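**Student:** Following this message is one structure expressed as structure tokens.
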Amino acid sequence: MKMICMGLDISDNDISCCEDIVNNVDDSLSRIIDDNVIFSKVTNVTGDDITVTSIIKDDMTLEVTNRKVYDILYENALGFDDLRGVSKTKDDAGEGISYAEIELNPDYYPDAVVIAFDTYCGESFVSDVAMKATKAIEGMDNVGSVSCSVVEDIKEIPGVGFVSSCTDDPVIVASVENVNDVGVVAGAAMGAILGYGNTYLVKKSTACNVIPGSAIFSVSAIMNCNVIDLSGAFIHRCRILE
């Protein structure tokens, strides 16, 4: 089993992603659900970036599933820079889709935490932030597998093509094999991100109305094929009690 995340900008502006795009993509993704693709939804909407997360049973169908998701994104896009940044050859690879995949243990529910970033000007520090968050949760109790989309060189997205290290707005996905540790894992990643200068936690579908030089991020949990926006719960938890 695998969990696959694709993060990209298919909006027609640099600030937000309209509700129609999200709904249309989600509706189209529902049509690829079958005996093998057991989950495929928009899990995060962060500024003008959306993240599609899918779960497949048979690893042999990875390329086919990725291509189906790419085609759905292309069919519903209003902006095409990230989609067209994906190339069939390494030499032509550009700024494209942020891609992460993890192996899932079939003995557990496919529960996970998905973190997605958006920058206004492609601020380079966001890659370092994402890597620090990834390292913060690697090896934690009941974390099965972790992947971060940050590209150091050319990266191949199976079934889709190649992207370059210019690809920004990373995604992180981590499987969690105990429901009681979902909040622990999400909290550890968030702590690593918020400890970095100029990073802000936002609710799903929040526009990127920040001073340039900043980055926003959203945090979702996938629980038994349900998507939960964790921002509200963590914001409530962070209130100072007097």
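**Student:** What are the residue pairs meeting all of these: first residue in the range 230-242, first residue among the aliphatic types (A, V, I, L, M) and at pLDDT 85 or above, second residue surrounded by 11 or more Cβ atoms within 10 Å (Cβ to Cβ) and assigned to a loop (DSSP other than H, G, I, E, B), Cβ atoms under 9 Å, and 6 or more apart or on different chains?
**Tutor:** If the second residue must be surrounded by 11 or more Cβ atoms within 10 Å (Cβ to Cβ) and assigned to a loop (DSSP other than H, G, I, E, B), the pairs left are I235/K203.
**Student:** Now for a separate question. For a quick check of your reading of the model, give me the residue pairs whose first member lies in the range 71-83 and is more than 16 Å from G161 (Cα to Cα), whose second is in a helix (DSSP H, G or I) and among the polar types (S, T, N, Q), with beta-carbon atoms closer than 6 Å and at least 6 apart or on different chains.
**Tutor:** Cβ pairs passing all conditions: N76/N24.
**Student:** Shifting gears a bit: Read through the list (1) in a helix (DSSP H, G or I); (2) surrounded by 15 or more Cβ atoms within 10 Å (Cβ to Cβ), then give the number of the only condition that D27 fails.
**Tutor:** In the conditions (1) in a helix (DSSP H, G or I); (2) surrounded by 15 or more Cβ atoms within 10 Å (Cβ to Cβ), D27 misses (2) alone.
**Student:** State all residues of the range 127-149 that are assigned to a loop (DSSP other than H, G, I, E, B) and over 17 Å from I216 (Cβ atoms); if no residue qualifies, say none. Walk me through how you get there before you give the answer.
**Tutor:** Of all residues in the range 127-149, those assigned to a loop (DSSP other than H, G, I, E, B) come to 138-142, 149.
Passing the criteria: E138, G139, M140, D141, N142.
**Student:** Going through A100, A77 one at a time, which residue ends up being modelled with pLDDT of 95 or more, out of contact with any strand residue (DSSP E or B) (no Cβ under 6 Å at 6 or more places or on another chain) and among the aliphatic types (A, V, I, L, M)? I'd like the intermediate steps shown before the answer.
**Tutor:** Details: A100 fails: out of contact with any strand residue (DSSP E or B) (no Cβ under 6 Å at 6 or more places or on another chain).
That would be A77, the only listed residue that is modelled with pLDDT of 95 or more, out of contact with any strand residue (DSSP E or B) (no Cβ under 6 Å at 6 or more places or on another chain) and among the aliphatic types (A, V, I, L, M).
Residue by residue, here is whether (1) surrounded by fewer than 24 Cβ atoms within 10 Å (Cβ to Cβ); (2) within 21 Å of N44 (Cβ to Cβ) holds:
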site: F117; (1), (2): no, yes
site: E123; (1), (2): yes, yes
site: M131; (1), (2): yes, yes
site: V160; (1), (2): yes, yes
site: S164; (1), (2): yes, no
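**Student:** Sticking with this structure for a sec: Of the conditions (1) of a type in the set (A, V, I, L, M, F, W, C); (2) buried (at least 18 other Cβ atoms within 10 Å of the Cβ); (3) modelled with pLDDT under 95, V173 fails just one. Which one is it?
**Tutor:** Among (1) of a type in the set (A, V, I, L, M, F, W, C); (2) buried (at least 18 other Cβ atoms within 10 Å of the Cβ); (3) modelled with pLDDT under 95, V173 violates only (3).
**Student:** Of these, D229, D153, D181, D168, which one is among the charged types (D, E, K, R) and buried (at least 23 other Cβ atoms within 10 Å of the Cβ)?
**Tutor:** Working: D229 fails: buried (at least 23 other Cβ atoms within 10 Å of the Cβ); D153 fails: buried (at least 23 other Cβ atoms within 10 Å of the Cβ); D181 fails: buried (at least 23 other Cβ atoms within 10 Å of the Cβ).
Just one listed residue meets the conditions, D168.
**Student:** Restricting attention to the range 57-69, does a residue exist that is part of a strand (DSSP E or B) and either crowded, with 16+ Cβ neighbours inside 10 Å or among the polar types (S, T, N, Q) (or both)? Walk me through it before giving the result.
**Tutor:** First, pick out the residues of the range 57-69 that are part of a strand (DSSP E or B): none.
Looking through the range 57-69, none of the residues is part of a strand (DSSP E or B) and either crowded, with 16+ Cβ neighbours inside 10 Å or among the polar types (S, T, N, Q) (or both).
**Student:** Against the definition (assigned to a strand (DSSP E or B), among the aromatic types (F, W, Y), more than 20 Å from D229 (Cα to Cα) and in contact (Cβ under 8 Å) with a residue 12 or more places away in the chain), how does Y99 come out, yes or no?
**Tutor:** Judged against the criteria, Y99 is a match.
**Student:** Right, another one. If you go through the range 41-56 one residue at a time, how many are within 22 Å of K203 (Cβ to Cβ) and either of a type outside the set (S, T, Y) or surrounded by fewer than 16 Cβ atoms within 10 Å (Cβ to Cβ) (or both)?
**Tutor:** Here is the first cut: in the range 41-56, the ones within 22 Å of K203 (Cβ to Cβ) are 41-53.
Now drop any that are not either of a type outside the set (S, T, Y) or surrounded by fewer than 16 Cβ atoms within 10 Å (Cβ to Cβ) (or both), which leaves 41-42, 44-45, 47-50, 52.
Selection size over the range 41-56: 9.
The values are calculated or read from the model by the stated rules, or taken from the named source; none is laboratory data. Just so we're clear, the structure is a prediction, and the values are computed from it rather than from any experiment. Ideal geometry is used to build each Cβ from the backbone, glycine not excepted, and the neighbour counts take in all protein chains shown.
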